[in-house]
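The values are calculated or read from the model by the stated rules, or taken from the named source; none is laboratory data. Here the structure is a predicted model, which is why all the values come from computation and not from measurement. Here the Cβ is made from the backbone with ideal geometry for all residues, glycine too, and neighbour counts use every protein chain on show.
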Amino acid sequence: MALLQSVTSFPGRVFWRTHRFTPSQPCRPCPSHIRIGVPSLQRHAVRALSTSSFKQDDQVNDNEGKSTISHSEPGMEHAVISTFDLFSVGIGPSSSHTVGPMRAGNIFIADLVQANLLHRVNRMRIAIYGSLALTGEGHMTPSALLLGLESANVETVETDYIPARFKHIKSAKKLCLGHALPEGQSKEVDFNYDRDFIWEWGKTLSMHSNGMRLTVFDVEGDVLATNDMFSIGGGFVVNGALSINPLNTENGEGVQEGRHPADLAENMYYKEINRLEADGSRKTGVEAITSGSSALTIAEEGGAGTDMTQRSKKIDAQSSESRRPKYPFHDAQSLLDLCHKHNLTIAQLVYENEKSLGYTDEDIYQKIFRIWQVMDDSILEAVQAPIDSVLPGSLKLHRRAPALYSRLSRGLYPTSARQPGNAHKEPAPSNEAKQIKDNASATTTQQSAVLVRKQIHRAPALVHGAVKHPIAPSPPRRTTFPAMDHLTVYAMAVNETNAAGGRVVTAPTNGAAGIIPAVLKYILEFMSEDPERDIPTFLLTAAAIGMLYKRGATISAAEGGCMAEVGVACSMAAGAFAACMGASPETIEQAAEIGIEHNLGLTCDPIGGLVQAPCIERNALGAIKAISSANLALSSKADHRKVRLDDAIAAMRLTAKGMRNEFKETSLSGLATSVPFDVPVSVPDC
């Protein structure tokens, strides 16, 4: 018989209770977050996620089709986060369901190492809830989460390695926790994927739809530690404090205090794996209100128990001494006011904030151009794929970017053509030999030309409809809109790379990763006179707009449907395009507002749980809409606008609150159920 520690909750306290279970029986559901309470409890006032349900007790809710999301009213805390947190390199197909879970796995292992518990882990259990479970393996959540637990870096891991390693984990029934850590820190444990990876369909954790519950056990079957983590969009992770059984620490002495994950949602605005390494200016999810002392005992590295109060003070000291943004803004109006007060463009203001966060000029430029390089590479990777090849997944969707690009580049030399200076050149023939060769090939050339003409004009174009009719049928013809065609192929290329699990930039999410690169690529290829100016201007302006949405509404489809992804990306790209055209801050704001206004209510209902249809085409339309929005703003007078960006963000927040959960990345309605699809979403897809 083994022991399983759980908790019983009383008013003001949470106590440990010991349960018994036989190893042959499946484990009972683990407590949501193992808490250890004393009467003297340090509480935290936490600003709830803009579109997340928030409860003080961490219960699991049955999904009955009603949204449990509550929205916080706008406060006065600033919206500034780093551009390089908002735009980060990751893998496809989803920032919420792939990048976030991989980071969550890394964070969990880092916490175990810091608590000196990793070497004692004998078994692990994983449960995913809400949207994470409902979209199945089409979003590649299991492989990302398991690779994260093996400490794979989401920004550098080889994309081909992920499916191969995932297959090996399932077949070998072994999981190497911290596999990528320095030698001697990892721990291999038994892991039966069918038993230990639990899909909680129809259930959500109270804080957010994208919930994960990670629990580790020792050799006796006792709970060593557990944590609830939430992927809130754009690769950001809310990290509940690691909860540890006090009886498993070196100096566990009776009942001790713990913290609810909602009280330590400190990882909302940064992406460091180790929370102690994060700049305190970006840990704005928590405002501590001290009403007593805390005494959570955690086994630190080296085996010595330490008082949680000391650790909290250490973190608070780091936060107080950390750098703060030079120009903090909390909404669009305050952003415009700062621009006018200090005579700065939006891009310049964001640049100065990055410097105040500790980046040098060289750091900023290096990171910006690294982001653009990955964006550009994601376009190139897709257009060079075999024409009409098929994307992963049971939908068997054909790639279209290679053929579209081939049509756009018709008449240009292919990249595989022999380049000048080739060492393997044939010797130049003499004049006599050249004359003989020309005469001999003249007939052949004429015959070839005739054959080509016959192939081109082999059959007349088909005309659909009755020829003898008062309304004559229109002959088929193909119109060309070069700008739209290029925007389309660029955006679709990025999202085909993303759908195949390739490396992309979250901009601000993976599901909408094609819009910003497409618009920027078009500027650089056809409009820019100074790319070294336009690339930073575009990305820094887009980042400022994205920060407003992250603070005022959401960038998670699980909270706000596709308007939170494609809608936000369209708005960011529209404002950034206007900035590159030399627009004023007011015109940039107007372009961003138009971009989101006409995406309000856009649903997220991916067919088969795959980030393919309608996602790929929707990015193409989002890029075109961004240019149209910017042009409307550029041709209008800024003082004539009736809807402000802050108004549109508030409307988006209300719209997200009113949307049914079926249309928020669950594949439970809309296109996901209207299109015939023989494979259930919950069945492993990729």
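General observations
- Here A79 meets the list (1) modelled with pLDDT of 90 or more; (2) under 23 Å from D194 (Cβ atoms) almost entirely, failing just condition (2).
- Residue check for K625: in a helix (DSSP H, G or I) and of a type in the set (K, R): yes
- Tally, over the range 594-616, of residues that are in a helix (DSSP H, G or I), within 18 Å of the chain's Cα centre (by Cα) and modelled with pLDDT of 95 or more: 2
- Number of residues in the range 360-379 that are in contact (Cβ under 8 Å) with a residue 12 or more places away in the chain and either assigned to a loop (DSSP other than H, G, I, E, B) or of a type in the set (A, V, I, L, M, F, W, C) (or both): the value is 8.
- Verdict on D639 being surrounded by fewer than 17 Cβ atoms within 10 Å (Cβ to Cβ) and either within 29 Å of K396 (Cβ to Cβ) or among the acidic types (D, E) (or both): yes
- Filter result for T497 (assigned to a helix (DSSP H, G or I) and touching a residue at least 60 places away in the same chain (Cβ under 8 Å)): yes
- I649 being in a helix (DSSP H, G or I), among the hydrophobic types (A, V, I, L, M, F, W, C) and surrounded by fewer than 24 Cβ atoms within 10 Å (Cβ to Cβ): no
- Within the range 318-353, the residues that satisfy the criterion of being part of a helix (DSSP H, G or I), over 11 Å from A544 (Cβ atoms) and in contact with a Lys or Arg (Cβ under 9 Å, 6 or more places away or on another chain) are S319, Q333, E352.
- Any hit, the range 565-573, residues being among the acidic types (D, E), on the phi < 0 side of the Ramachandran plot, within 22 Å of the chain's Cα centre (by Cα) and surrounded by 23 or more Cβ atoms within 10 Å (Cβ to Cβ): yes
- In the range 334-360, residue farthest from Q590 (Cα to Cα) [restricted to those that are surrounded by 15 or more Cβ atoms within 10 Å (Cβ to Cβ) and of a type in the set (V, I, T)]: V350
- Enumeration of residues in the range 589-605 that are of a type in the set (S, T, N, Q) and within 20 Å of F577 (Cβ to Cβ): Q590, N599
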